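Step one of this worksheet: look at the structure below.
The values are calculated or read from the model by the stated rules, or taken from the named source; none is laboratory data. On a predicted model such as this, the values are computed, not experimentally measured, just so you know. Please note: Cβ atoms are built from the backbone with ideal geometry, for glycine as well, and neighbour counts cover all protein chains shown. Surface accessibility is based on the protein's heavy atoms, side chains included, excluding ligands, DNA and RNA. Shrake-Rupley method; radii C 1.70, N 1.55, O 1.52, S 1.80 Å.
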Amino acid sequence: MTNNDDVQKITLIDENGDEALYEVLFTFHSEEYSKDYILLVPEGVEEDEEVDIQAYIFHPDSNGDATEEDLIQIEDDKEWDMVEEVLNTFLADNSNFA
C-alpha cells in the first residue's frame, strides 16, 4: 500500500486467539448513520496483492485513536453497502496510493 512511516497499526485477535497486525487504510464518518468507520488491511501488503479488507464501526478517543475493544462488527446489510461504496470510491482514486 503506502510506504509511509506514519501508518497507524492495530493488532486484532481472531477467534483462535491468534494475533495479526493490520494497517489502517482509512477512516471516515457517515452522516447517514452518525458513526465512524475504520478500514484495515494486513500489514505488509503489496500494492497488487489481493487481500480481505476488514471494516468496523469504531469509537475513536479524543486523539482519534482506537483499540481493538473500540471496534464493532457491521451487521446491517445497508450499512455494509454504504461502506463498500466508500471503499470502492477510495480504491478508484489513484491519488490515495501516491
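Descriptive notes on the structure:
- Rounded accessible area of F58 (nearest 10 Å², 1.4 Å probe): 10 Å²
- Per residue accessible area in Å² of the chain, where ligands, DNA and RNA are left out and the probe is 1.4 Å: 70 Å²
- The mean sequence distance of close C-alpha pairs (under 8 Å, at least 6 residues apart), as a share of the length of the chain, puts its relative contact order at 19 percent.
- Couplings 3J(HN,Hα) of region 15-25, computed from phi: 5, 8, x, 7, 8, 9, 8, 10, 9, 6, 6 Hz, in residue order, whole Hz [Karplus 6.51 cos²θ - 1.76 cosθ + 1.60, θ = phi - 60°; x for Gly and Pro].
- Given [x] 104; [y] 122; [z] 93, the label whose value is volume of the Cα convex hull per residue in Å³ derived from this model: [y]
- Sorted on the mean count of surrounding Cβ atoms within 10 Å across their residues, most packed first, peptides 43-56, 26-39 read 26-39, 43-56.
- Accessible area of the chain belonging to carbon and sulfur atoms, whole % at 1.4 Å probe: 40 percent
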